[in-house]
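Here's the structure we're looking at; comments come further down.
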Amino acid sequence: MKTAFITGITGQDGSYLTEQLLAKGYEVHGVVRRASTFNTDRLEHLYQDPHQPNPPLKLHYGDLTDGSRLAGLIRSIQPDEVYNLGAQSHVRVSFDQPIDTANIVALGTSNLLEAVRDGQQSAGKQIRYYQACSSEMFGKVQEVPQTERTPFYPRSPYGCAKVFGHWLTINYRESYDMFACCGILFNHESPRRGETFVTRKITRAAGRIKLGLQEKLYLGNLDAQRDWGFAGDYVDAMWRMLQQDEPDNYVVATGKMIPVRRFCELVFEFHGLDPEQYIEIDPRYFRPTEVDELLGDPTLAKQKLGWEPTTTVEQLAVMMAEHDLELAKQERTLVDAGHDVSSLNRHDQ
Ligand code: NAP
Ligand code: GDD
């Protein structure tokens, strides 16, 4: 049985990766931040009674900014594979919190790489490492489509921090002969996507509008174009990277991009609604610098990993819209029964 160690296990990708690794027979250890409310919703369906002997999923309190804790965990767990998915992953928020973002995304990567280097020495075995890099590193794109060789031009504090993590991972590979891979993943979504990212914000709002729970959807730049895929496919690519003979960098993308406006149309058409009637522009959602278009070329991942996306953006939009219509129906039932659901009207980005 292999052992995996995951940061960011409570996030969208962390939950899909955990699901897939447990299905493959892994023992999975995840780092969870202490919060004043429960933050393990996306894992509840996987979390067995921790009082049973040796459950395959084990959660540990920790934080990417706490290097000594990470080193202690890696030393005691001695994982075969480490997946660094933890991040302040919201681009707009990174303009508000550039230092926090850099501490988590850039220095956090440094903390974890050091912990893995130390862990390899003390365990006397190789630990394979996956770094969650991002298409946001391409920013103001220098060529279309983007490949593993396209120069970076990040346009946000988040993008800059991810470039640091990317190069540091390569540096550890070359300096210490570590099996360290960089996955340059383009946008990937799912029904588990955080509700402040644009696709989920759209599918949540459209379901609520359909059932009379919300009147308008306020968005920012509808002309930005993204290469959107399904998160379940993308975590499979992460795992495949760590099963190769040699470590490398891989672009993971669908090779097709559409504007935010088109994603809105796909979702509202699913509900039989005209998006023009419901969408308003709010400049609060504009970014100081925007990434106008991202389009990935996943040829290397196809050739070397045998990886292919299984889900088109049209299928993804329907998958998310169907899921969020069910959530809206549950909310409608509560409202009709006289319950206060104002806590569902959340602050967004
Ligand atoms: P996500 O849903 O926002 O999850 C982020 C995870 O990081 C959460 O588990 C979060 O914990 C954790 N985290 C935040 N700050 C942390 C800290 N200081 N220490 C430890 N963990 C911390 O992100 P995602 O969509 O799953 O993305 C996974 C990774 O891939 C991220 O590194 C992201 O930047 C990168 N990425 C994502 C995409 C995409 O389109 N989804 C594309 C390219 C790259 P809480 O639950 O406690 O907040
Ligand atoms: N979030 C958000 N909210 N974005 C909006 C809105 C809005 O109301 N209106 C328009 N947008 C536009 C953004 O300006 C951006 O151009 C696009 O929608 C996508 O925004 P997000 O869904 O927030 O994703 P992102 O592309 O900025 O970042 C995501 O993908 C990166 C990979 O390229 C995140 O998952 C990052 O962590 C990831 O690295």
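The values are calculated or read from the model by the stated rules, or taken from the named source; none is laboratory data. This one's a predicted model, so the numbers in the text were calculated from it and none came from an experiment. Glycine also receives a Cβ, built like all others from the backbone with ideal geometry; neighbour counts cover every protein chain displayed.
Could you list, in sequence order, all residues of the stretch 5-53 that are of a type in the set (A, V, I, L, M) and within 15 Å of ligand 1 (Cβ to nearest atom)?
6, 9, 17, 21, 28, 31, 32, 35, 43, 46
Does residue 184 satisfy being crowded, with 24+ Cβ neighbours inside 10 Å and either of a type in the set (Val, Ile, Thr) or within 18 Å of residue 278 (Cα to Cα) (or both)? Show your work before the answer.
Details: crowded, with 24+ Cβ neighbours inside 10 Å: yes; either of a type in the set (Val, Ile, Thr) or within 18 Å of residue 278 (Cα to Cα) (or both): yes.
Against the criterion (crowded, with 24+ Cβ neighbours inside 10 Å and either of a type in the set (Val, Ile, Thr) or within 18 Å of residue 278 (Cα to Cα) (or both)), residue 184 qualifies.
Listed residues 57, 73, 64; which is under 24 Å from residue 139 (Cβ atoms), assigned by TED's automatic domain parsing to the domain that holds residue 130 and touching a helix residue (DSSP H, G or I) at 6+ places or on another chain (Cβ under 9 Å)?
Testing whether each residue is under 24 Å from residue 139 (Cβ atoms), assigned by TED's automatic domain parsing to the domain that holds residue 130 and touching a helix residue (DSSP H, G or I) at 6+ places or on another chain (Cβ under 9 Å) leaves just 64.
The conditions are (1) assigned to a loop (DSSP other than H, G, I, E, B); (2) more than 18 Å from the chain's Cα centre (by Cα), and residue 193 fails exactly one of them. Which is it?
Result: residue 193 fails condition (2) only.
Every residue in the stretch 187-211 that is within 11 Å of ligand 1 (Cβ to nearest atom), of a type in the set (Val, Ile, Thr), farther than 20 Å from residue 236 by Cβ and surrounded by 21 or more Cβ atoms within 10 Å (Cβ to Cβ), please. Let's see the steps before the verdict.
Step one: filter the stretch 187-211 for residues within 11 Å of ligand 1 (Cβ to nearest atom), giving 187-190, 192-200.
From the residues that got through so far, the ones that are of a type in the set (Val, Ile, Thr) too are 196, 198-199.
Restricting the remaining residues to those that are farther than 20 Å from residue 236 by Cβ gives 196, 198.
Passing the criteria: only 198.
Go through (1) in a helix (DSSP H, G or I); (2) within 15 Å of ligand 1 (Cβ to nearest atom) one by one and return the number of the condition residue 76 breaks.
In the conditions (1) in a helix (DSSP H, G or I); (2) within 15 Å of ligand 1 (Cβ to nearest atom), residue 76 misses (2) alone.
From the list 314, 331, 269, which one is assigned to a helix (DSSP H, G or I), free of Cβ contacts under 8 Å to residues at least 12 places away in the same chain and not basic (Lys, Arg)?
269
Could you look through the stretch 151-165, keep only residues that are within 15 Å of ligand 2 (Cβ to nearest atom) and free of Cβ contacts under 8 Å to residues at least 40 places away in the same chain, and pick out the one that is surrounded by the fewest Cβ atoms within 10 Å (Cβ to Cβ)?
Once the filter is applied, the top-ranked residue is 153.
What's the total number of residues in the stretch 1-26 that are touching an Asp or Glu at 6+ places or on another chain (Cβ under 9 Å), at pLDDT 95 or above and assigned to a loop (DSSP other than H, G, I, E, B)?
Number satisfying all stated conditions: 3.
Does the stretch 26-41 contain any residue that is within 16 Å of ligand 2 (Cβ to nearest atom), outside the structural domain of residue 286 (by TED's automatic domain parsing), in contact (Cβ under 8 Å) with a residue 24 or more places away in the chain and not hydroxyl-bearing (Ser, Thr, Tyr)?
No, the conditions are met nowhere in the stretch 26-41.
Would you pick out the residues in the stretch 169-178 that are under 22 Å from the mean Cα position of the chain (by Cα) and away from ligand 1 (no atom under 14 Å from the Cβ)?
Result: 170, single match.
From 136, 148, which residue is in contact (Cβ under 8 Å) with a residue 40 or more places away in the chain, within 8 Å of ligand 2 (Cβ to nearest atom) and either assigned by TED's automatic domain parsing to the domain that holds residue 323 or not β-branched (Val, Ile, Thr) (or both)?
From the options 136, 148, the qualifying one is 136.
Which is within 18 Å of the chain's Cα centre (by Cα) and either within 16 Å of ligand 2 (Cβ to nearest atom) or of a type outside the set (A, V, I, L, M, F, W, C) (or both), of 3, 10?
Values: 3 fails: within 18 Å of the chain's Cα centre (by Cα).
Answer to the check: 10.
Name the single residue that is farthest from residue 231 (Cα to Cα) among those in the stretch 13-45 being hydrophobic (A, V, I, L, M, F, W, C) and surrounded by fewer than 16 Cβ atoms within 10 Å (Cβ to Cβ).
Here is the first cut: in the stretch 13-45, the ones hydrophobic (A, V, I, L, M, F, W, C) are 17, 21-23, 28, 31-32, 35, 38, 43.
Filter again for surrounded by fewer than 16 Cβ atoms within 10 Å (Cβ to Cβ), leaving 23, 35, 38.
Working: 23: 17, 35: 25, 38: 23 Å.
Filtering first and then ranking leaves 35.
Name the single residue, out of those in the stretch 28-51 being among the aliphatic types (A, V, I, L, M) and part of a strand (DSSP E or B), that is farthest from residue 64 (Cα to Cα).
Taking the stretch 28-51 first, the residues among the aliphatic types (A, V, I, L, M) are 28, 31-32, 35, 43, 46.
Still in the running and part of a strand (DSSP E or B): 28, 31-32.
Details: 28: 18, 31: 9, 32: 10 Å.
My answer is 28.
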